[in-house]
Amino acid sequence: MMPGLLATPADAAVAQAPSGTKAPQQALARLVGASRRQRLQAFALVAGISALACALRAYAWLGMFAMLLLPLLLCTLALQASQLRPAWRSWRALWLVLGAALLLSGALALLLYRWWMQAHALRGLNAAQVLACAIGFGALVLALPLRHAQNQAGALHLAELKRAALAARLQALQAQIEPHFLYNTLANTRYLARHEPAKAVVMLDHLIAYLHAALPDLRSPTSTLGREFELAEHYLALMAIRFGARLRYRLDCPAHLRGASVPPLMLMALVENAVQHGVEPQPGAVCVALVARADADKLTIVVGDDGAGLGQCVLGSGVGLRNVRERLAALFGERASVTLRAGTLAGTDAVLCLPLTLAPAPAPVAVAVPAAAAAAAAAAQA
């Protein structure tokens, strides 16, 4: 309580401090700051102890008490005064001020103690003992807590740097998915423009519808299951134009799960993987199915196809799946996973497991899709 006896405008400056100096000021405010009530209580305690010592004529004890109290008061004043100058708002400056204040206040405490003992004709501690007691007690009360606060601030700063690095890494991983999908779709559109111009127009209509729904959330750190299913439906409608009767698709997202929080574009990577490895190599018709279900606190999304199957491929060796695994590890650690398995009848299932976090479902995005595109999508879902 004693370090908070004195309050200065330095306490109020903490909130306006620059980000690089805020941590030392906040630590100092916690160390030596005190409310008005606490300061009054501390003064009352000091006055009571002094009055009791005088009543008992314990002058030697009172001299010792004053000798220990003086360094705390002077060091507190020095630390708080240093924060009025921006150049001194750093950990190094705090330690320099504290060290100099301890030495100076120790010397003043020695002079005060000698004068008091001589004035009352008492024998007390020698100079070395007085300095050791005064400086040691000040260091114990002020230096150790300040060191602990510095360690805590360093750990917090390191955690903030890790979070910033993680956010940058996630943005980079997400950015890998966005152009990947757009390049593939534009390449398909170019092919159709050369061979089937009418279908190319329908594909462009679906691409515009997809971008209308996706662009507002491309840089968002989170999305919803309903939104991701909507984007997957637009993508599969695009692919249905490309593959014609060879591709059918089915989406099953319960209404109560549409507001579940999911990472953006992660589901799209699995749907692309199903089309690339399940539909393209398979000569006949293939059905791609997306099914979402909740189990306690887990959200499970299965992206399956009855196409080519695993064959000789290496499980999860593609760029898209590696991207999904890295994002899951960065966001959720061991609480999320993505696995590939053989389908129950044929083909492959990609199983995505996430922590279930429900949020209010956003209003659906109204996108005008021309009648020809809508008819092609309906035929693919039939």
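We did not get these values from a lab; they are worked out from the coordinates using the rules stated. Everything numeric here is computed off the predicted structure, so don't read it as measured data. Backbone-built Cβ (ideal geometry, glycine too); neighbour counts: all protein chains shown.
I want the local charge near A60. Using Cβ-Cβ distances under 15 Å, sum +1 for each Lys or Arg and -1 for each Asp or Glu among the other residues.
Net charge around A60: +3.
Taking label positions 7 Å along the Cα-Cβ direction at both R163 and I208, the computed distance is 4.2 nm, reported to one decimal. Seen from L96, the other residues with C-beta closer than 13 Å to its C-beta sum to a net charge of +3, counting Lys and Arg as +1 and Asp and Glu as -1. Residue separation of L182 and E334 scaled by 0.36 nm, minus their Cα-Cα distance, works out to 51.6 nm of gained length. Each Lys or Arg adds one and each Asp or Glu subtracts one; over the other residues with Cβ under 12 Å from the Cβ of V303, this totals -3. Over the C-alpha trace of the stretch 209-281, radius of gyration and Dmax come out as 12.7, 36 angstrom. Near the amide H of R248, within less than 5 Å, lie the amide hydrogens of V286, C287, V288, all on another chain or at least 5 residues away, with H placed in the peptide plane.
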